[in-house]
1. Taking segment 173-190, which residues are open to solvent by less than 20 Å² (accessible area, probe 1.4 Å) and more than 20 Å from the chain's Cα centre (by Cα)?
2. For segment 534-546, give me each residue that is more than 23 Å from the chain's Cα centre (by Cα), of a type outside the set (Asp, Glu) and closer than 18 Å to residue 513 by Cβ.
3. I'm trying to understand the selection: among the residues of segment 332-363, which are open to solvent by less than 20 Å² (accessible area, probe 1.4 Å), farther than 12 Å from residue 375 by Cα and either in a helix (DSSP H, G or I) or aliphatic (A, V, I, L, M) (or both)?
4. Where residues in segment 191-203 are among the small types (Gly, Ala, Ser) and open to solvent by 20 Å² or more (accessible area, probe 1.4 Å), which of them is nearest to residue 289 (Cα to Cα)?
5. Return a yes/no flag: does segment 169-189 have any residue that is in a helix (DSSP H, G or I), out of contact with any strand residue (DSSP E or B) (no Cβ under 9 Å at 6 or more places or on another chain), under 30 Å from residue 40 (Cβ atoms) and among the polar types (S, T, N, Q).
6. Got a sec? Which of 105, 78, 14 is under 26 Å from residue 522 (Cβ atoms) and either surrounded by fewer than 24 Cβ atoms within 10 Å (Cβ to Cβ) or out of contact with any helix residue (DSSP H, G or I) (no Cβ under 6 Å at 6 or more places or on another chain) (or both)?
7. Restricting attention to segment 552-587, and to residues there that are open to solvent by 20 Å² or more (accessible area, probe 1.4 Å) and not in a loop (DSSP other than H, G, I, E, B), which single residue is nearest to residue 217 (Cα to Cα)?
8. For segment 234-263, name all the residues that are under 32 Å from the mean Cα position of the chain (by Cα) and of a type in the set (Asp, Glu).
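The values are calculated or read from the model by the stated rules, or taken from the named source; none is laboratory data. Remember, predicted model here, so these are calculated numbers, not experimental data. Note that we place each Cβ from the backbone using ideal geometry, even for glycine, and neighbour counts take in every protein chain shown. What goes into the accessible areas is simple: the full protein's heavy atoms, side chains included, and nothing from ligands, DNA or RNA. Shrake-Rupley method; radii C 1.70, N 1.55, O 1.52, S 1.80 Å.
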Amino acid sequence: MTQTHCPYCALQCAQTLRGEPLAAEPRAFPTNVGGMCQKGWTSAELLRAQDRITTPLRRVAGGFEPVSWDVALDDIAARVRAVWASEGPDGVAVFGGGGLTNEKAYQLGKFARLALRTRLIDYNGRFCMSSAAAAANRTLGIDRGLPFPLTDLNDADVVVLFGSNLADTMPPAVQHLGATRERGGLVVVDPRRSATARLTEDGAGEHVQLVPGTDLVLVLGLLHIVFAESLADEDYLSARVDGVDAVRRSVAEWWPERVAATTGVAETQLRRLARRLADASPHRGGRGAFLLTGRGSEQHVDGTDTVTAVIDLALALGLVGAERGGYGAITGQGNGQGGREHGQKADQLPGYRMIGDPAARSHVAEVWGVDPAVIPGAGVPAVELLMGLGTPGGPRALFVHGSNVLVSAPDAHEVRRRVESLDLVVVCDFVPSETALLADYILPVTQWAEEEGTMTGLEGRVLRRRKAIEAPVGVRSELEIFSALAGRLDAPGTWSTEPREVYDELRRASAGGRADYAGISYDRLDAGEALFWPCPSEHHPGTPRLFAESFPTANGRAQMVAVRPVGPADDLRAEAPVWLVTGRVLQHYQSGAQTRRVAKLNDSMPRAYVEIHSLLASRVGVEGLDDVRITSRRGSMVAQARISPDIRPDTVFVPFHFADEGMVNAVTNAATDPISGMPEFKVCAVQIERVGS
């Protein structure tokens with residue numbers, strides 16, 4: 001029997017693994033409260049995938065052939081050296097993943113910069129959390145998804161979910177909304193009547209069904225009402241926040257009638273929501289209000305500004321740092337929090353240090369045992385990295401760890417063309433994902449129940465991942481791969497293959513940084529301590545709640561930032577008159593490379609679908625169960641129609657977990673937020689037609 005955590009989302013439901021064959025069952029834990037979704041219940045089946053790879057595979061004419069580890073690693077190292085000789089160090093790029101343990105994420109960043117000598121590393125968390133991170137850093141001075149424990153939601157008067165469908169993406173988390181729903185205080189902002197939006201029915205709250213891409217306008221309208229009706233916590237603003245007057249002036253132009261005309265949300269609902277939030281806030285005697293953002297509000301070209309406006313609203317109401325209330329971003333991937341803190345991001349070093357900061361470089365270089373000048377400078381965000389592959393002056397080689405970019409990236413057909421143009425592609429995976437099938441080498445790696453390590457959940461709490469079974473013969477951990485290649489490439493520094501040793505090095509590298517793990521040891525975690533970063537020493541209790549007394553900014557005050565909407569990068573037009581939005585479904589996760597291999601999950605949802613309103617379906621001649629084609633400037637996809645009253649008549653919804661003809665990211669827009677580099681997955685203009693019409 002092994003106590004560990006689910007391999008999927010950032011809720012990190014606590015699991016017990018036992019039996020032969022291995023099976024997972026939930027256990028009591030603050031985040032999942034003893035619950036677990038169907039992905040968690042079936043997670044152990046992943047380890048028995050019929051097409052699991054257990055030996056290195058090398059591309060040959062017509063497919064792949066098995067080779068020994070020495071043959072694979074020797075050839076990979078030789079080909080990296082050949083790329084260096086012709087293109088320089090930046091001829092090699094690295095793409096990581098938000099599902100890697102802290103140990104592997106840390107070592108991957110070190111491997112890229114010291115062994116591969118490249119500045120070009122980024123990861124799929126750029127697609128998930130980058131806008132929320134950028135907004136929190138510039139307003140609050142630090143990025144931790146939830147700066148409070150999830151259990152703080154339990155007794156709130158109001159919880160607003162901006163673009164989050166918790167009921168499908170993190171079902172056990174819905175348990176924390178029970179008391180709020182009993183008070184009628186759950187508010188869900190979403191163009192669809194999602195499973196979460198339906199939780200507001202029967203007096204449990206409100207569904208705000210706005211026009212896609214108008215999230216920022218909605219929040220500016222709420223801020224306008226808060227200031228215009230004297231609902232703000234002026235004492236809090238005076239004592240703890242800068243930039244208030246600029247924001248107050250900027251939102252004056254977003255009066256309710258104008259906001260209603262843009263968002264499709266009635267003026268009466270806007271005023272009701274603003275007043276409800278104010279009444280729930282501590283300065284007016286309420287039990288508390290929480291404003292939470294998800295990818296629906298963040299994956300836009302103005303996503304950073306949208307989250308910034310949400311934080312501005314939370315500050316205006318005196319919620320941030322209050323005992324009963326706050327702002328938070330709901331991290332998606334299993335280690336989406338830890339994965340962005342310790343070196344996978346293009347511009348960061350461990351501990352959430354910025355790579356351009358001389359003091360940060362010196363600290364990390366000392367831990368690594370190198371001269372600071374050896375560490376490359378900042379790279380480029382994920383979309384720019386991917387779109388630059390194989391172009392003149394761009395990378396000629398790519399290492400992929402924990403990601404399936406051929407399905408998960410926007411404008412996916414162009415990404416495929418970029419990857420196909422490379423001289424060397426190395427993919428570490430356990431199954432032949434769509435990306436792995438384009439590789440020159442597929443290196444088989446250990447999975448969650450076969451390794452030790454740590455993960456950082458959506459609250460900033462560090463969790464232990466524990467080994468339950470041995471990996472199949474022939475499979476290696478990524479720590480072993482990094483070490484073996486580093487040796488062949490004459491990399492400086494030390495390259496331990498033991499997770500505990502790598503983690504202890506991570507602790508030293510993070511010490512003094514914003515994400516300080518120095519005091520969080522395996523021993524303390526194994527003893528059952530609940531440890532949230534920052535935790536600067538082994539005598540420190542950790543920090544479950546941030547901002548109670550001050551903000552980690554130069555002057556200790558939060559910074560409101562005035563923002564303006566720019567709208568979607570795409571535009572509705574005669575040949576593309578409908579908005580497309582994308583999202584998840586209960587049965588699947590990310591690109592589906594894992595969940596599509598679990599029979600119980602895939603049988604329940606075997607292909608993509610297009611959710612379409614009956615009015616729109618009638619207009620384009622689509623009936624129930626027809627296949628429809630969705631086309632944008634970038635490409636097209638085909639899926640079965642699902643006629644539903646839950647979607648706006650000007651909008652269609654498609655889940656993004658599927659490959660081949662059902663791959664919606666063949667259609668999505670690679671336009672990015674200029675601050676965060678987040679691509680605009682959540683809205684683009686499309687044409688819809690019935691297949692065969």
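1. Passing the criteria: 176, 177, 180, 184, 185, 186, 187.
2. Selection gives 535, 536, 537, 540, 542.
3. 338, 339, 340, 346
4. So the residue we want is 203.
5. Within segment 169-189 (the criterion being in a helix (DSSP H, G or I), out of contact with any strand residue (DSSP E or B) (no Cβ under 9 Å at 6 or more places or on another chain), under 30 Å from residue 40 (Cβ atoms) and among the polar types (S, T, N, Q)), the answer is yes, since at least one residue qualifies.
6. 14
7. The extreme case among them is 579.
8. 242
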